[in-house]
Amino acid sequence: MSSTDARPDPSGGPQSSSAGAPPPHRALGVDVGGSGIKGGIVDLNTGQLIGDRFKLLTPQPATPPAVAKTIAEVVRHFDWTGPVGVTYPGVVTGGVARTAANVDKSWLGVNARDAIGAELDGQDVVVLNDADAAGLAEERYGAGKDNTGVVVLLTFGTGIGSAIIHNGKLLPNTEFGHLEVDGKEAEHRAASSVKEKHDWSYKRWAREVTKVLVAIENAICPDLFIAGGGISRKADKWVPLLENRTPVVAAALQNTAGIVGAAMASTTDVTR
Ligand code: BGC
């Protein structure tokens, strides 16, 4: 199954612009999630998508060859021939998947950059952690854009993803979701999947989120937390209940953050 509305301009080559407007500086990002693989062309001047997202279902089982093929289909949909940025929900260094907490274990040790590149006839591919991508995007265009200090983005979903950005520079693969907080891994304590599993109220869950935020702020003193993931759409129900010290704001880009961050990273391997 796929969903798209209008096909954007084919790109990946020289950029054109209408008279008077600055030329869009375009890049393609692909966000790989548990249920869908979504791509879009991003105007890096604004962080806005040019045209619509294109989404295909994540193949099940989500093995590296099956996922690489689906990513290539998404890229081909846009007739894109330039570099491609792709997210992965685990640690990535030099294109290689180093952890697989919530994905098919066959990803461990796989050079995702090469596997996806091979499906695209050698096109350049940059693979980065999903939360790192969202953090880059939120810091530049979203909830962190007016903040000049240390920004920590956390995504609350099946697990907890994290990103630290300081003045536009990412410190990749921070993995705060696996910090031990009060004898338990942070993501087993406070992911939104834990709230669902126990059918907790926002108030009950916010107690656990507070513990995780306090552990992080005690270690690195960020200036701002950005709360991302699906549950950030309901941020007004739980962010006011948090009792940590550092300000917490809801992510602004919501479901395009991964695509935008992947597009931003497409021309530089931010995991090196
Ligand atoms: C992974 C992170 C990822 C997060 C959200 C965690 O289990 O270790 O790398 O960012 O889930 O997908």
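Distances between every pair of Cα atoms in the chain, grouped in 5 Å steps from 0 to the bin holding the largest one, split as 1, 6, 13, 18, 19, 16, 12, 8, 4, 2, 0, 0, 0 percent.
The lysines within cross-link reach of Lys234, meaning a Cα-to-Cα straight distance under 25 Å and a gap of 8 or more places when in the same chain, are Lys38, Lys55, Lys145, Lys195, Lys197, Lys203, Lys211. With a Förster radius of 41 Å applied to the beta-carbon distance between Asp236 and Asp79, the computed FRET efficiency rounds to 0.50.
Nearest 0.05, what FRET efficiency do Ala66 and Asn167 give at R0 = 41 Å with Cβ-Cβ as r? With a Förster radius of 41 Å, E is 0.60. Mind telling me which of Ala250, Ala163, Ala62 comes out most flexible in a GNM of the chain, alpha-carbon contacts under 10 Å? Of Ala250, Ala163, Ala62, the Gaussian network model singles out Ala62 as fluctuating most. For Asn173, neighbours were defined as the other residues whose beta-carbon sits under 9 Å from its Cβ, and their charges (Lys and Arg +1, Asp and Glu -1) total -1. Taking Glu175, Glu138, Glu217 in turn, the Gaussian network model of the chain (Cα-Cα springs below 10 Å) assigns the largest fluctuation to Glu217. Helical content alone sets the calculated 222 nm signal of the chain at -8500 deg cm²/dmol, taking -39,500 (n - 2.57) per DSSP H segment of four or more residues and averaging over every residue. Modelled label positions at Asp146 and Ala219, each set 7 Å beyond Cα in the direction of Cβ, lie 3.0 nm from each other. FRET efficiency for the His178 to His25 pair, using the beta carbon distance and R₀ = 35 Å, is estimated at 0.50. Per residue, the chain exposes 45 Å² of accessible surface when a 1.4 Å probe is rolled over the protein heavy atoms with every protein chain present. Here region 58-167 has 52 percent of its accessible surface on carbon and sulfur atoms, given a 1.4 Å probe and all protein chains in place. Derived scalar couplings between HN and Hα for region 76-93 equal 5, 3, 8, 6, 8, 10, x, x, 10, x, 9, 8, 9, x, x, 5, 10, 10 Hz in order, rounded to whole Hz, by the Karplus curve 6.51 cos²θ - 1.76 cosθ + 1.60 (θ = phi - 60°), x for Gly and Pro. The label-point distance for Asp124 and Arg245, in a model that sets each label 7 Å from Cα toward Cβ, rounds to 4.2 nm.
The values are calculated or read from the model by the stated rules, or taken from the named source; none is laboratory data. Values in this document were obtained by computation on a predicted structure and should not be read as measured data. Glycine gets a Cβ as well: all are built from the backbone with ideal geometry, and neighbour counts include every protein chain shown. The accessibility values were calculated without ligands, DNA or RNA, using every heavy atom of the protein model including side chains. Shrake-Rupley method; radii C 1.70, N 1.55, O 1.52, S 1.80 Å.
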